[in-house]
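For reference, the structure discussed in these notes is given below.
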Amino acid sequence: MGRTCFLLASTLILCFLVTCSSKNLNITTDQTSLLALKSRLDLEPSHILSQNWSIPSNVCTWIGVSCSRLHHRITALNISNMGLKGTIPPHLGNLSFLVSIDMKGNSFQGNLPVELAQLRRLRFLDFSFNNFSGGIPASLGFLSEIQGLSLRNNNFSGFIPVTIFNLSKLEMLDLSFNPLGGKLPEEIGKLQNLKVINVQDNQLTGLKGIYLSWNAISGRIPVSFPECRHLTILSLSNNAFTGPIPREIGNVTTLEMLYLGATNLIGEVPEEIGNLRSLKLLSMERNIFSGSIPLSIFNITSLVLLDLAWCGLSGTLPSQMCSQLPNLQELNLIGNGLYGPIPSRLDYCSRLQALSLRDNNLTGFIPREIGNLTMLKVLRLFHNRLTGEIPPELGKLQQLEQLHLAVNLLTGSIPEEIANISTLTLLALTANQLSGSLPKRIGSRLPNLDLISLETNLLSGHIPDSIANSSRLTYINLGNNHFSGTFPSSLGSLQLLESLFMHGNNLTGLSFITSLANCRFLKEFWIHNNPVDDFLRPSIGNLSTSLRVILARNSTIKGSIPNEISNFTNLVTLDLSGNDLSGYLPSGIGSLASLQGLFLSNNRISGSIPTGVCELTKLGELRLSNNQVSSQIPGCIGNGISLRQLYLDSNRLSSGVPSSLWSLKNLLELNLSSNLLDGSLSPEIGNLEAAILIDLSFNQFTQNIPSTIGGLNNLINFSLSHNRLLGSIPDTTGNMISLEELDLAQNNLSGSIPKSLEALKHLKTFNVSYNSLSGEIPPGGPFVNFTRESFMFNEALCGLPRFEVPPCPTPSSHRSSNKILLLAITIPLGVLGILAALILTLVVIKYQKKRKVPAREASSQGAGHGRISYYELLRATDGYNDNNLLGRGSFGAVYKGVLDDGTILAVKVFNLEQEAAFKSFDAECEVLRNIRHRNLTRIISSCSNQEFKALVLEYMPNGSLEKCCTLMNILFSKLLGDDQSISYTNTLATFGYIAPEYGSEGIVSTKCDVYSYGILLVETFSRRKPSDEMFDEALSIKRWISNAVGDDGIVGIVDAKLLSTKDRFYNEKLSSLSSLMKLALNCCEDNPEDRLGMSDVLAALKKIKLQFLPDDDKHCSVVG
């Protein structure tokens, strides 16, 4: 009913217009109409019409105007591509003899006047590529003679008028690239003369035979298209159709071009498409099809282009797929789920110019027959699972421009023949398993090469200088291989070079940087993870000012950072971390106005942080960890409004944290740990509301923890450990709902653990050990997963047994306080009497037992433990079986034992055949009776008679009992006394471990521990003990290490099992081991005052650990 009313209204309008136009029209009327059009122009850049369209001249001589000789009336108007801007006047409808209007390629706007329906002789109307808006006038449906109608690339909206489909003579309809909506009516089948349909990029569905691409047409594709008997082009791509492709489409046998790409079509591709025997172009990319490619498609012999990319298709490719496609020039099947081998006889598609099978699951070898496709220009097979070698036959493809085989499993070397394809512009073999060296003349015969990417292979040897003969190169990626030698200086002749990636190789030297000054377009420069072993020279400042990225981390670069680095005003990322840089930060660093990431961690940079850093307003990440930076954090640090990550940990920064730092409200990660920062924590710390990590551990902060931390709702990791903080844990900590790790250990905190922490459901790690906390450990929430390690050395805590703390007092204990007071007075009086009797009895029993103990029986003693007899120890160690042997020493052996109740222990049995063993046993017992030391293994009991002596020790499942015993011996030697020091030093096997000042002066201090620790470090990584036969008075273990480190001979002293030249991270390991040996020597300084403190040793170890950990490459580049 609605459509009928619409048609009736349209007919009435047309009748009105015809009646109004029945007046006499002539050439004067035509002239007036064009002058009206001229008056509507707002812009005419060429001024052609303003100067040429004038009344004195004959209208038929005007530019763009054609007239008929018979009627002397305007028949054609062509003012296309003149840059005109304005609107169309209704007067244009008076050009009654007009046959053709061409106004495309301008900037006309507004609505189309309905008066255009008066142009009853009009055959061709082209208003494409303008800015017309509104709806398409229904009156256009009454242009009965129209054959071609193009309104593409405008802003028409609404539905396609039904009246359009009454134009029985219409051959070409192009409504593409408009925001048209609605569905395609079945009336489209009435356009029986229609030859071309383009409805791309609409959201309509069902329309056939019209250019409607790039609209918003929805619904299903109509099944009435077969009625368009002359249809040759159907373009419906980039719309919002639903449903499958109608099988009836196979009946439009005149079709030559079918565009259905990006239209959300589903289901299987119909076999009936194979009936389109005249089809030349079939493009159905980016849909949601299922199933395999119909075999019938491979029988369309007229096909020139077949594009089924990103369609969700699966299955294998037919072995004879090309036997019926002699005219195929482009085959695009990328981004599907195709599997199996590539058909070997693709060469039957003899005219093929582009073969794209990338992003599938294809396996097997690359067919050698591809080399017969002599017209091939593009070969894309990357991101499959292809194996085997690259066929040298590919070298016969002398028209090939792009060879893309990246991300496969290809092996072998790069064929020399590839380097002979002079037409190549792109060579991408990234992420395979290729080996061998590069072809020596790789650049000499590739003059057109623009991009070469060989990253992540096993290629080795020197990089040939000939690569620079490819003078058009803009992109080189040879990263993550095994190339050696120096960086080729010939690279400097590549004047068009924009990206140079040489990272992850074994390349050395930096002298080539000077030659790169000729590369004025260089933007990316990656040389990280190479053993460069060279100084960073001021010549680096001559590189292109276009540079945006410099990555040179972990490359053993030495010297200081030249101030010339400040020339790179467009630099976005600078990464020099993990090198051996020293000196101060450049004063001109503030000139790097575009810098967003500055990475200088793990070097030896000293001095203060220059205030120029505060001028880097775009800086988002600053990392200076593990250096020797001193002085204060700049007070202007708060100016870094873009900072997201700030890492200044493991330096020598002192004083307090500047208040401006707490104003960085967008800061995500803050690490100031392992410095000398002091003072109190500002309540403004609560301003860091976006932070997810804050680490202020290992400093000297004092006073209370601010309650404002409760506002840090996004914080995940929070550490204040190893400071001097006082007071209680704020109850507001329970508001930090995102917390996963909270470390408050090693402070002076008191009070109770807030029960509010039970609400932190994401909390996984919690540590408050080594404080003075009291009260109950909360039992609920995340605390159900914590163990005693979280609460150690807080003597007043109480709670559940699994925390290994005393139970908390019950309420009843408070109500009976009077009774407790009475008992406290009376009970001790009775106990004293009982104890006196017991002591007397025990003395008598002990005296009697000494007389009765058999020769093979041993007595046991130990505080707080039951008696352990000789036979119990014999049974626990399975007769001191070698399978239970943990280690041997100078005076005995240590065995693992298991008592009948399941208790695991270690038994140190002394060899009484050595006279010194008696002294050793007596000395150890005497020491253990009188001292407590944190580094001593806990002694459970002892067992002794004239024929057997043993110590029962706590078993250390995750440690080294031998090392522990060595530590015990060192401590015994210091604690026995001056008169026994020399003899017991030898007796306890501690020769070489004892600090000089103890042996000479008897001085005992923590500096002695540091000395012993340094010797243990050497022993651990060299597998040489101080008592080794190679050492004597002339050569001690310390002097041996000192000589090796000084001569860079570290490789010759470390354990061969720890370091091999075949290791992937050989350089990182070598650097770390060298740092460890230097640390050991610092611990073993002769003068105690010159030795590091243990806190400094720990900080150094953390720095070495971070230096050794492999980097996950924040920056990566895989072409394709």
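The values are calculated or read from the model by the stated rules, or taken from the named source; none is laboratory data. This one's a predicted model, so the numbers in the text were calculated from it and none came from an experiment. What goes into the accessible areas is simple: the full protein's heavy atoms, side chains included, and nothing from ligands, DNA or RNA. Shrake-Rupley method; radii C 1.70, N 1.55, O 1.52, S 1.80 Å.
So the values come out like this:
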quantity: Entries in LYS169/LYS280; LYS764/LYS1105; LYS665/LYS1102; LYS558/LYS1069; LYS755/LYS1102; LYS523/LYS1103 that, when Cα-Cα distance is taken, lie over 22 Å; calculated: LYS169/LYS280; LYS764/LYS1105; LYS665/LYS1102; LYS755/LYS1102; LYS523/LYS1103
quantity: Spread of Cα-to-Cα distances over 5 Å intervals beginning at zero, given as percent, for the range 345-439; calculated: 3, 15, 26, 29, 21, 6, 1
quantity: Where the Cα pairs of the range 485-536 fall when distances are cut into 5 Å bins, in %; calculated: 5, 22, 31, 26, 14, 2
quantity: Cα Rg over Rh - the range 115-189, Kirkwood; calculated: 0.92
quantity: Whether the range 226-364 is rounded, prolate or oblate, judged on the alpha carbon gyration tensor where a/c under 1.5 counts as rounded; calculated: oblate
quantity: Overall dimensions of the range 239-278 as given by Cα atoms, namely Rg and Dmax in Å; calculated: 10.4, 28
quantity: Rg to Rh quotient for the range 581-653, alpha carbon positions, Kirkwood Rh; calculated: 0.92
quantity: Cα-based shape type of the range 31-153, given that a ≥ b ≥ c are square roots of the gyration tensor eigenvalues and the cut on a/c is 1.5; calculated: oblate
quantity: Directionally averaged shadow of the range 223-299, computed from the convex hull of its alpha-carbon atoms, nm²; calculated: 4.4
quantity: Percent accessible area from carbon and sulfur atoms, the range 30-121, protein chains only, probe 1.4 Å; calculated: 52
quantity: The range 456-579 shape via C-alpha gyration tensor axes, a/c threshold 1.5; calculated: oblate
quantity: Alpha-carbon gyration tensor eigenvalues x 5, square-rooted, for the range 390-494, Å; calculated: 18, 18, 12
quantity: Relative intensity, log₁₀ I(q)/I(0), of the range 294-366 from a Debye sum that treats every alpha carbon as a point, q = 0.22 Å⁻¹; calculated: -1.01
quantity: Per residue value of the accessible surface for the range 362-418 (all protein chains in place, 1.4 Å probe), Å²; calculated: 40
quantity: The range 663-722: translational diffusion in µm²/s, Stokes-Einstein, Kirkwood Rh over Cα pairs, 25 °C, 0.890 mPa s; calculated: 212
quantity: Distance histogram in 5 Å bins (all Cα pairs of the range 675-794, percent per bin); calculated: 2, 12, 23, 27, 23, 10, 3, 0
quantity: Where the range 455-536 is the region considered: accessible area per residue in Å², 1.4 Å probe; calculated: 34
quantity: Amide hydrogen neighbours beyond the local backbone of ARG472, cut-off 5 Å, H modeled; calculated: LEU449
quantity: Of all accessible heavy-atom area on the range 611-767, the percent that carbon and sulfur account for (1.4 Å); calculated: 44
